[in-house]
Each structure stands twice: as C-alpha cells, then as structure tokens.
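Values in this text are rule-based calculations from the coordinates and carry no lab data. These numbers were taken from a predicted model, which means no experiment stands behind them. FYI the Cβ positions are ideal-geometry reconstructions off the backbone, even for glycines, and counts take in every protein chain you see.
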Amino acid sequence: MYAEFTEELVTGNEMIDEQHKELIGRINKLQHSLDQGNEKIVAVNTLDYLSDYVVFHFNAEEKLQEDIAYPNIDTHKAQHSMFKQTIKELQEMLADQEGPSDDFVKKVDENVAEWFLKHIQSFDRSVAEYKNMKMDSELL
C-alpha cells in the first residue's frame, strides 16, 4: 500500500507536516523496494532508513507536545513506542528470512502504512488542534 499526503493529513504545524511528508516518502520507498522484489539487503537498508527517521520525527513531535503541555502526551508517547516496536519486529523478521516474504509485505502494509496514516489523522491532528486552541486562548 502506497501512502499519499492529502489534506486529511494536514495538522497545520509546518514542521510536523513536512516531517510527515518525508516519512510517507520513506514508507513508499520501502513499499517500492518490496514491490520490485529487491534483495534482502535493499529491504533491510530501506527499513533502517525509515526507522532512523521515525525516531527523529517522534522526538520532534514529543518535544512539541512537551512545549505546549499537551495533556495526552503519555498516550501519544505510548503510540510512538508501539510503532517503534513494530519497526523493530519487522527488522527482526526480515533478518530471519532470506528476503521479504509475503507475510512481511502484509505486515508492512498493515502495521506501517495504514497505522501511520491513521495515527496522523487522529493523534497528530489532536495535538495540532490543542496547540491552536491554546494559542488562541493565550491571545485573549
């Protein structure tokens, strides 16, 4: 499943939106690698490339949440931890295989692409809405 950055994913925070676009690009590169039936090393490198950016992005999001005293930060951090664990499990799964299996591809679709899009639409948009609401109330 290829992901696309649409209006439904816009949070209104330029930094976060740009990072989401980059993450979607990396997810799509992983998917493209799998679709091409590339060798294991290509899939491993692409998954590692995605993993590195996930850590960078989640750290930035969590810093933003701390800065605005977002009340649901613990729940959001737990979601991030689950996703990082999913990436780790995919890395382990790939390490144990000769190459990306059909099961691996299915897990990438369900546990990376779909999860990430749903996460942006719910959790990340909530943070943006809270930030905007907080900024509006501080202006009064």
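General observations
- Shape summary: region 1-77 maps onto an equivalent ellipsoid whose semi-axes, from the alpha-carbon gyration tensor, are 28, 15, 9 Å in decreasing order.
- Counting every C-alpha pair in region 10-139, the share spaced more than 24 angstrom apart comes to 32%.
- Helix 14-35 axis, angle to the chain major axis (alpha carbon atoms, nearest 10°): 10
- Too-long pairs where the Cα-Cα distance tops 31 Å, listed order kept, from Lys40/Lys131; Lys88/Lys118; Lys29/Lys134; Lys106/Lys131: Lys40/Lys131; Lys29/Lys134; Lys106/Lys131
- The chain, helix-only ellipticity at 222 nm - DSSP H runs n ≥ 4, -39,500 (n - 2.57), divided by all residues, nearest 500: -24000 deg cm²/dmol
- Test item: Cα-centred dipole of the chain, Lys/Arg +1 and Asp/Glu -1 on Cβ, debye: 160
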